[in-house]
Structure formats: C-alpha cells, structure tokens
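Remarks on the structure that follows.
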Amino acid sequence: MKIEVPCTSANIGCGFDSLGIAFSLKATFEFTRQIGYSFEGCEECYQNEENLIVIAYKKTMEAMNKSPAGFHVIIDSPIPIARGLGSSAAMIAAGALAANAFEENKLSMQELLEICTSIEGHPDNVAPALMGGLTVSWMEDGKPCCVPYDVSERLKFCALIPDFMISTEKAREILPKTVPLEDAVFNLSRAAALTKILEEGNTEILRYLLKDKLHEPYRKKLIHEYDRIKDICEAKGCDGFFISGSGPTLMAIYHQENFIDQIQEEIKQCRHHWQIMPLTVEKVRGNINER
Ligand code: HSE
C-alpha cells in the first residue's frame, strides 16, 4: 500500500504554532504488512522501533484496539531532514495513515490528527500533512482542532533550503517563556487577517502580514546569512518572507514570473549553499470529520 505525504511549512510568519501549509514536495511510503519492522530508504540509525513511522503506526493501531504486528516500508523522501519542512510530521502522518488504511479507515481525520499531534507535540505541521492546503490549528483541552483554508493560485512560494540543519528542539529552546502584550497583539492581528489574504492572494497587503515578533527575531540568529537572503528576495520584490517552521529553510512568496531567475545569481554567491525550490500548495486531502 502506497501513502504520499506532503512537506509542510509551519508558522507562516505571524502564525507561530498555529498556521501551516502543505506543499507539493511529497514523500512516498510503500507499506507491506509483516511480523516485526524493516525499512528501506532511510539511514540505518533510524531503522528501529524508535522510528517515528513505527511510533505513529503502533499508536494508531492501539487506538483501534488492533495488534500492530509490523510492516516493511520503502521510504522515498525528498523532504530534507531538520530544515523546517516537516520531515518528522511526514513520517508521523505516514505511519498513522498506513495503520488506518490497513484497518479500513476506521479512524476519522480528527482522530488521526489527535494521534499525530500527541507524538509531534504541536499540530501546525501534522494538520496540513494530513489534510493538505492551509490549516489553522489550536489546542482545546489537550486536543488539536483545525480549520482548513485555501491558498490563492496567484501566490507562488519558493523555499530557500540551506546546507546546514537546525533541530526544532534547539530552535524552541531559545524562545522566551513570556512575551510583551504588544508583541502578542502585533501577531494575532496579522495572523487573523493573513488567512483571508492568503485565500484572496492580495499581495499588496500580504507584505505587512507575514511579519512576526514571537519567534523570528530570536531564531534568525541561528540561521547563517538570514539577513542576506532576505535582502536579496526583498530587493527583487518578493511579497513576503518568513522562516519555514523552526528553520533554517527560508520561504519567499512572490507573484512575478521571473522572480527565481532574478535571485539565482546572488543566492549562488552566498557563503552557504542555498537550494532554491519553487513549491506549489498541495490541495486539500480531506475533511476533518472524514473517515
Ligand atoms: N511551530 C513549530 C515551531 C514548528 O516553530 O517550533 C516546528 O516545525
């Protein structure tokens, strides 16, 4: 059985731990049921029962009162690890979707979202990984809730993926435990407006809404050449710029046809290698209550 899961970008500037978008760069997982677990297509150090696919698979089977038994999985994932593009969320979603598919999709998307969030710790990557599109998610009495939105086709996205990694753990450690009220207001007003503007594709307003005061000011210090990449993209007229998830991948939104050609030469001259990857939004997979 084949499962495809998209890469995801969480936060989208002002929507820390809340907003996420699924993109067309997808990992493929081919599952066969067996006794015990075996893997192809991932490093040996991940070929054990600590693997996130196994953890999610077992937890989903247990939620259905089924014995997990095991699987063989062939992983083909172009999603770079520890770059802020939801590689962990993709593994978790794949394990949960596979277990559910083997058991005639007994669990709803909401139930899968609960299982996946309990493993990932926050819902903003796993929600779009499961459901596609743009999602807004939050926690209610310890359970994730999620509302899906569309993203206008007028908006084009480009990931700038560096040759260095940053773990989400490290990128969360540097965040303050409390923030000034005015910073919270700065973000919440923008996040509320951002969902509508992403649906409409209004690039004039978009540039004001992607700004953030809750995580980017702290995290940009971990990302070599952050200012340089941002300056290059802004000088060529991007409509918005943000850190993808907890970084270090940076994301530009633009609408001009020749934006990539225009940034290419200058990006090549940076000290680190930055892969320029245009991405399209992965359309909605399913409704939250769907089985
Ligand atoms: N919202 C999470 C964070 C996403 O920014 O830490 C991690 O990918």
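The values are calculated or read from the model by the stated rules, or taken from the named source; none is laboratory data. Treat the numbers as computed from the prediction; the structure is a model and nothing was measured. We place every Cβ from the backbone using ideal geometry, glycine too, and count neighbours over all the protein chains shown. Ligands, DNA and RNA are stripped out before the accessible areas are found, and what is left, the full protein with its side chains, is counted by its heavy atoms. Shrake-Rupley method; radii C 1.70, N 1.55, O 1.52, S 1.80 Å.
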Protection-proxy order for peptides 170-180, 13-23, 137-147, each taking the mean of Cβ atoms within 10 Å per residue, highest first
13-23, 137-147, 170-180
What accessible area per residue comes out for the chain, rounded to a whole number of Å², with a 1.4 Å probe?
45
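For the pairs 143/211; 170/220; 156/196; 66/283, note any where the Cα-Cα span goes beyond 20 Å.
143/211; 66/283
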With DSSP loop assignment and no more than 16 other C-beta atoms within 10 Å, the GluC sites (Glu not before Pro) in region 207-291 are 257, 290
What value, in deg cm²/dmol to 500, does the helix sum -39500 (n - 2.57) over DSSP H runs of n ≥ 4 give at 222 nm once divided by the residues of the chain?
-11000 deg cm²/dmol
Kirkwood hydrodynamic radius, computed over distinct alpha-carbon pairs, for the chain: how many Å, to one decimal?
19.4
Residues other than residue 143 with Cβ under 12 Å of its Cβ, Lys/Arg counted +1 and Asp/Glu -1, net out at -4
Count charges around residue 167 for me, please; just the other residues with Cβ under 11 Å from its Cβ, Lys/Arg as +1, Asp/Glu as -1.
+1
How long is region 2-149 along each principal axis, judged by its Cα atoms, biggest number first, in Å?
44, 32, 22
With no solvent term and unit scatterers on the alpha-carbon positions of region 156-279, Debye gives log₁₀ I(q)/I(0) at q = 0.23 Å⁻¹ of -1.40
